[in-house]
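Below you'll find the structure, written out as structure tokens, and then a few comments.
The values are calculated or read from the model by the stated rules, or taken from the named source; none is laboratory data. In this text, all values refer to a predicted model and were calculated from it rather than measured experimentally. Here the Cβ positions follow ideal geometry from the backbone for every residue, glycine too, while neighbour counts run over all protein chains shown.
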Amino acid sequence: MRFVPAPCLKNGMICAKKIYGKNGELLLNNDAVIQETYINRIRELGISGVYIEDALSEGIEFVDIISETQRSTSVRTVKNLFEQIAVDAPAARARAQQLSQTVEDIVDSIIQNKDLNINLVDLKVFDDYTYYHCVNVGVLALLIAARMKWPHKKMHELGMAAMLHDVGKIFVDKKILIKPGSLTKEEFDEMKTHSERGFEYLRFGYPSFAQDLLRAINEHHERLDGKGYPQGKRSGQISEYARIIAIVDVFDALTSDRPYRAAMTPSDAIEYIMAETNKAFDPVIAKIFLSCVMPYSPGTTVKLSNGWVGIIVKNNFEASLRPCVRIIRHQLDELESDKDFKPYQIDLFRDPKCLDITVTGNIDR
Ligand SMILES: [Fe+2]
């Protein structure tokens, strides 16, 4: 399978990975033949692209860290909970119970997954950004905890805190949350209240939640250098849960399309996290996180430093810019015209003839 960005989708392509809509409903099944109406719907919903199956990408597979069903169920659970909090507190409590079970299941999946690395599957539905974001932050935080071999109970608390980290946004004016342009100082000040409001709400509404869980919600925007909020705490004053959530929250936000900017590529987001390590982010946690993130997922079309074009087949975790690549063209400008080219595979890490070649970027066409 390979990833085709939404603007490049064509009639007749075969969908390789299920696409879900706003409410977790199935929009496109795998094996579905893509038609004009689907393409329009995909673009309307702001879905960045579709994984397709074709001869060029035959045999290229990858597994998400949690299953598609688990991801869509989690998004639905978080959405139901957030929506209920605003209108019906007892019903919300029942949803929180469901969320606890969902996190339990994700912890189990991650512990059982031997391959604790992230293959980004960026098929987020724009309207439901908040809920997808919460689930991604939960999964990424748990990945770090699994790498650190945390006990199950601690992982569960961290997972709950990560899924609920932005619950306070329910109390922020929706106009500010969805504003397409940059925020005024007053609007930003209002936005910044979300961590404390979420913390206060859960502290009183959910007294059974562990102190560490609640504290992480309050501190997820604190930064090592004291430039965060709400209290401008510094390194040792910030809890370990919050220091984990801070990194994965920023990483997922940067790699998502937002009303005011397009998504950054994972490789650019990795560079951002590196640049902010020691200033904003904990160096030990950042190092563990970055060792799990590969800048290019299998199925991504990339250009190489010698001008060749290929599809990522498999990552080499020892060297993230030296994956196995299926070369599909020798020149970027001949994407459509060179029909006789026979694709072949190279391993940029193991093949001695390829040691001077690296991946230099994505190709969005
Ligand atoms: Fe936040």
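Quick look at the numbers
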{"read-out": "Ile328 touching a Pro at 6+ places or on another chain (Cβ under 7 Å), surrounded by 15 or more Cβ atoms within 10 Å (Cβ to Cβ), modelled with pLDDT of 80 or more and not in a loop (DSSP other than H, G, I, E, B)", "value": "yes"}
{"read-out": "Which listed residue, of Tyr241, Tyr229, is buried (at least 17 other Cβ atoms within 10 Å of the Cβ), of a type outside the set (A, V, I, L, M, F, W, C), within 16 Å of the ligand (Cβ to nearest atom) and part of a loop (DSSP other than H, G, I, E, B)", "value": "Tyr229"}
{"read-out": "Residues being within 14 Å of the ligand (Cβ to nearest atom) and part of a loop (DSSP other than H, G, I, E, B) - total across region 165-201", "value": "6"}
{"read-out": "Matching entry among Ala32, Ala6, Ala16, Ala55 (being out of contact with any Leu (no Cβ under 8 Å at 6 or more places or on another chain) and buried (at least 19 other Cβ atoms within 10 Å of the Cβ))", "value": "Ala16"}
{"read-out": "Positions within region 273-309 being surrounded by fewer than 17 Cβ atoms within 10 Å (Cβ to Cβ), more than 24 Å from Val63 (Cα to Cα) and either in contact with a Leu (Cβ under 8 Å, 6 or more places away or on another chain) or not assigned by TED's automatic domain parsing to the domain that holds His220 (or both), in sequence order", "value": "Met274, Asn278, Lys279, Ser305, Asn306, Gly307"}
